[in-house]
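The values are calculated or read from the model by the stated rules, or taken from the named source; none is laboratory data. Predicted model only: the values in this text are computed from it and were never measured. Every residue, glycine among them, receives a Cβ derived from its backbone with ideal geometry; neighbour counts consider all protein chains shown. What goes into the accessible areas is simple: the full protein's heavy atoms, side chains included, and nothing from ligands, DNA or RNA. Shrake-Rupley method; radii C 1.70, N 1.55, O 1.52, S 1.80 Å.
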Amino acid sequence: MQNHVPKFVFVTGGVVSALGKGLSAASIGALMESRGLKVAFLKLDPYINVDPGTMSPFQHGEVFVTDDGAESDLDLGHYERFTGATMTQGNNCTSGRVYQRVIDRERRGDYLGGTVQVIPHITDEIKQVIFGAAEGADILICEVGGTVGDIESLPHLEAIRQVQFDVGRAHTAYIHLTLVPFIKTAGELKTKPTQHSVKDLRAIGISPDILLCRCEVPLEQALKKKVALFSSVGEDCVFNCADVASIYELPIKLHEEGLDTKLVEILNIWSRAPDLSPWRNIVEVSRNAERTVNIGVIGKYVDLKDAYKSLNEALNHGAIANNAKISLTFIDSETLEHDEASLSCLDALDGVLVPGGFGERGIEGKIAAIGHARRHALPFFGICLGMQTAIIEYARTVAHIAGANSQEFDPSGRAQVVALMEGQKKVTRKGGTMRLGSYPCKLAPDSLAHRLYGTDLVHERHRHRFEVNNVYREALKEAGMVFSGVSPDEGLVEMIELTGHPFFVGCQFHPEFKSKPLAPHPLFAGFIAAALERQASRPQNEPTGAK
Ligand code: GLN
């Protein structure tokens with residue numbers, strides 16, 4: 001890069017939400033990075049929650065956890081998966097956090113005598129966040145949550161408008177993602193919603209440089225010309241953002257459209273042509289692999305795929321690492337609670353995974369499924385709550401600890417094999433009070449965990465309150481449970497496994513947050529390998545693939 005003033009790319013959305021703004025921003029990041037630029041990201045969220053940590057996954061999807069313990073928006077997961085950038089507290093900022101800082105300052109008396117207003121105080125604070133996130137990078141990709149026209153997003157849009165004024169036109173690019181719906185009855189693509197959305201954007205002073213049009217069928221040149229005309233952008237600045245079979249195809253598609261070339265031209269950046277061959281290889285595997293591995297995910301938020309975004313992707317990466325496709329069956333654990341027969345749906349699977357979660361609902365179903373996997377040599381992977389429920393199952397069934405449970409579900413129970421840590425006992429506030437972020441984990445030599453990671457010490461991300469209760473560690477160990485990963489002081493159990501089972505692994509942390517398509521996480525790669533082995537050893541006429 002020829003100078004050290006970072007460039008700013010702002011990604012806004014119009015017409016409707018859920019157009020894939022996060023994925024588009026991440027893909028643009030991947031393209032810029034493969035051109036040799038140092039990329040940073042920022043997600044501005046318009047809601048009043050200070051962070052998404054206290055929001056239900058039903059409402060907001062997954063909470064993505066960073067190394068430094070930020071409970072953040074799931075788009076940060078896309079940014080990390082698509083690039084080498086590492087997200088921190090500073091890469092996601094909500095209106096709630098901005099207002100909290102400004103109000104704290106007002107209470108301290110910093111504005112004494114002044115009236116505290118949206119412009120300039122709130123907008124200045126947002127700009128501080130933007131400039132902070134861009135520090136040290138060649139290019140900041142800043143995604144503004146919500147859609148243009150929302151009352152809530154106005155301060156953010158005003159702030160990003162001002163950035164152009166502050167740093168100069170040659171340092172900013174505004175990309176607007178809109179929907180161009182295909183109206184089946186008319187057999188036509190309609191550009192009117194895009195026209196209105198661009199009009200709204202211009203009304204608040206932002207002229208888009210690039211329009212990214214989500215559409216089922218590609219926009220033809222004539223339509224691009226029409227969109228360009230009413231948006232006052234060049235015809236070559238209107239791009240298709242077509243549906244893709246695999247999300248990892250998006251950087252390739254956008255490159256084929258010429259988006260990255262246009263963007264560096266607008267920003268006056270001199271950079272090399274991108275090398276997208278790693279992305280092409282992944283897409284190739286996702287498309288052409290001959291084997292399909294069938295994994296059951298047993299959880300609570302099964303109707304909402306966004307709740308397990310990173311997990312689904314990590315499983316996908318594990319499949320890619322094994323040259324296979326993946327088919328996921330989401331099973332509501334409550335349906336497994338009735339009897340042994342209700343567990344028969346697991347037999348058609350090649351492996352089961354119990355993900356993280358909170359609250360008692362469906363716990364007994366998870367425990368029953370884990371017992372089934374343990375007895376039937378079905379590969380099992382338990383993450384956080386998934387590991388805690390595996391401990392409960394083993395304690396009850398193998399170690400014969402009567403009434404074994406977690407303090408979370410049985411607060412007055414006698415046999416709390418999973419319990420609060422000393423330091424957490426006095427905590428009553430819910431926001432940001434968990435064990436959060438990256439902690440080291442020491443792996444036992446000769447364990448499966450050690451073989452998979454191929455190293456003695458790993459760092460993984462956490463988000464939980466409860467831990468394996470050390471009072472029961474000896475009894476569990478005597479009954480055959482292997483504590484394959486512990487904190488460096490050995491005070492906390494981080495990983496468990498069982499010998500004599502093809503793959504029975506639990507971890508207190510969330511490995512899914514660190515898996516990337518170009519660097520699949522070893523635990524997911526190992527789990528999928530075991531599942532594929534099970535599939536291969538199945539008699540020919542037995543069904544594969546659960547319904
Ligand atoms: N509810 C459990 C705890 O707080 C597990 C949390 C999780 O799975 N992320 O410890």
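Summed over region 12-33, the residues that are open to solvent by less than 10 Å² (accessible area, probe 1.4 Å) and among the hydrophobic types (A, V, I, L, M, F, W, C) give a count of 6.
You will find that of Ser484, Ser438, the residue that is away from the ligand (no atom under 16 Å from the Cβ), closer than 25 Å to Ala419 by Cα and either crowded, with 23+ Cβ neighbours inside 10 Å or not aliphatic (A, V, I, L, M) (or both) is Ser484 and no other. Within region 281-326, the only residue that satisfies the criterion of being small (Gly, Ala, Ser) and either surrounded by fewer than 18 Cβ atoms within 10 Å (Cβ to Cβ) or assigned to a loop (DSSP other than H, G, I, E, B) (or both) is Ala289.
Considered as a group, the residues in region 341-360 that are more than 12 Å from the ligand (Cβ to nearest atom) and in a loop (DSSP other than H, G, I, E, B) include one that is surrounded by the most Cβ atoms within 10 Å (Cβ to Cβ), and that residue is Asp350. In the set Ser56, Ser34, Ser27, only one residue is hydroxyl-bearing (Ser, Thr, Tyr) and under 27 Å from His196 (Cβ atoms); that residue is Ser27.
For region 405-416, a residue qualifies if it is open to solvent by less than 30 Å² (accessible area, probe 1.4 Å) and either away from the ligand (no atom under 16 Å from the Cβ) or acidic (Asp, Glu) (or both), and exactly one does: Ala415. Filter region 441-466 down to the residues that are more than 13 Å from the ligand (Cβ to nearest atom) and among the hydrophobic types (A, V, I, L, M, F, W, C), then identify the one that is farthest from the chain's Cα centre (by Cα). The selected residue is Ala444.
Answer yes or no as to whether Ala531 is surrounded by fewer than 21 Cβ atoms within 10 Å (Cβ to Cβ) and in a helix (DSSP H, G or I). When the stated conditions are applied, Ala531 does not pass them. Within region 215-249, the set of residues being closer than 22 Å to Trp279 by Cα, assigned to a helix (DSSP H, G or I) and either free of Cβ contacts under 8 Å to residues at least 24 places away in the same chain or open to solvent by less than 40 Å² (accessible area, probe 1.4 Å) (or both) comprises Tyr248, Glu249. Scanning region 382-396 for residues that are in a helix (DSSP H, G or I), in contact with a helix residue (DSSP H, G or I) (Cβ under 8 Å, 6 or more places away or on another chain) and more than 8 Å from the ligand (Cβ to nearest atom) returns Thr389, Ala390, Ile391, Ile392, Glu393, Tyr394, Ala395, Arg396. Within region 484-539, being modelled with pLDDT of 95 or more and of a type in the set (Ser, Thr, Tyr) holds for Ser484, Ser487, Thr499, Ser515. One residue alone among Leu263, Leu189, Leu212 is among the hydrophobic types (A, V, I, L, M, F, W, C), in contact with a Ser or Thr (Cβ under 9 Å, 6 or more places away or on another chain) and surrounded by 13 or more Cβ atoms within 10 Å (Cβ to Cβ), and that residue is Leu212. Against the numbered list (1) surrounded by fewer than 16 Cβ atoms within 10 Å (Cβ to Cβ); (2) under 28 Å from Pro520 (Cα atoms); (3) at pLDDT 95 or above, His400 comes up short only at (2). Check region 371-379 and report whether any residue there is surrounded by fewer than 24 Cβ atoms within 10 Å (Cβ to Cβ), of a type in the set (A, V, I, L, M) and either within 18 Å of Asn470 (Cα to Cα) or more than 12 Å from the ligand (Cβ to nearest atom) (or both). Scanning region 371-379 turns up at least one residue that is surrounded by fewer than 24 Cβ atoms within 10 Å (Cβ to Cβ), of a type in the set (A, V, I, L, M) and either within 18 Å of Asn470 (Cα to Cα) or more than 12 Å from the ligand (Cβ to nearest atom) (or both). Mind telling me which of the residues Glu474, Glu490 ends up being assigned to a loop (DSSP other than H, G, I, E, B), open to solvent by 40 Å² or more (accessible area, probe 1.4 Å) and more than 16 Å from the ligand (Cβ to nearest atom)? Answer to the selection: Glu490.
Region 1-116 holds helices (runs of 4 or more DSSP H) entirely within its bounds, and those carrying 2 or more residues that are closer than 21 Å to Glu257 by Cβ and of a type in the set (Gly, Ala, Ser) map to 21-34.
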